Amino acid sequence: MTVLEIEKEIQQRQVIGLPHRGKLLPGAKYIYVNEAWDRNADGAPYYVMPELIALHDEERGKSGEPTTLTSVYRTRGTQDALNSKWGKAKFSAHSMGAAFDRRTNCIEHAQDIVDRYKAAAKRLGLPVPRFGMRKYQGVFIHVDIVFLHFKEFGGPFDYPSDSEPIRINWRPKVSW
Ligand SMILES: [Zn+2]
């Protein structure tokens, strides 16, 4: 399967519906729907991996620190728009409902939060997530567990046939 075929299947299999602004994300204890969710302007339903919600709730419940998630699920249309505007990667764990970006104050704060998510993943019995941090200079961190979609890590899909970088990089512990 290609990346886009996998994205489509994921979206059809595990839809959580259309969240409303100011409302708690279905199935979550702490994730509120903020303006980030309105970025998907194409009206498509939302998908978020249950393990991702559990990971965030585990960290948030333990630390008690309020959070702002600036981006969670992105439809293909949203991702394509970002790509042309910011030159972002064509394929993103956000489009598989497996990633969120969380606002941070500085690089030390970012590192602290990354460590907390690592500990939370361990408590939940999940592999070490992927983290984007250094590249974003402490403004936000990217957290994802996209590898859980693939057979090697218990998911239903083979790695996509049309992206060698995904096969190599969408694995636990990868950071940038
Ligand atoms: Zn991200």
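On the stretch given as the stretch 120-175, residues that are under 20 Å from ILE107 (Cα atoms), at pLDDT 95 or above and exposed (fewer than 13 other Cβ atoms within 10 Å of the Cβ) total 1.
Regarding ASP115, is this residue over 25 Å from PRO160 (Cα atoms), out of contact with any helix residue (DSSP H, G or I) (no Cβ under 6 Å at 6 or more places or on another chain) and part of a helix (DSSP H, G or I)? Criteria met by ASP115. Being more than 12 Å from the ligand (Cβ to nearest atom), in contact with a helix residue (DSSP H, G or I) (Cβ under 8 Å, 6 or more places away or on another chain) and either in a loop (DSSP other than H, G, I, E, B) or more than 20 Å from ILE6 (Cα to Cα) (or both) is true of LYS90. Checking HIS142, HIS149 one by one, the residue that is of a type outside the set (A, V, I, L, M) and near the ligand (Cβ under 10 Å from one of its atoms) is HIS142 and no other.
The rows are residues; the columns are (1) within 15 Å of the chain's Cα centre (by Cα); (2) modelled with pLDDT under 85; (3) more than 21 Å from PRO129 (Cα to Cα).
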{"position": "LEU69", "(1), (2), (3)": "yes, yes, no"}
{"position": "THR75", "(1), (2), (3)": "yes, yes, yes"}
{"position": "LYS85", "(1), (2), (3)": "no, yes, yes"}
{"position": "PHE91", "(1), (2), (3)": "yes, no, no"}
{"position": "ALA110", "(1), (2), (3)": "no, no, no"}
{"position": "VAL114", "(1), (2), (3)": "yes, no, no"}
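The values are calculated or read from the model by the stated rules, or taken from the named source; none is laboratory data. All figures in this text were calculated on a predicted structure; none of them were measured in a lab. Ideal geometry is used to build each Cβ from the backbone, glycine not excepted, and the neighbour counts take in all protein chains shown.
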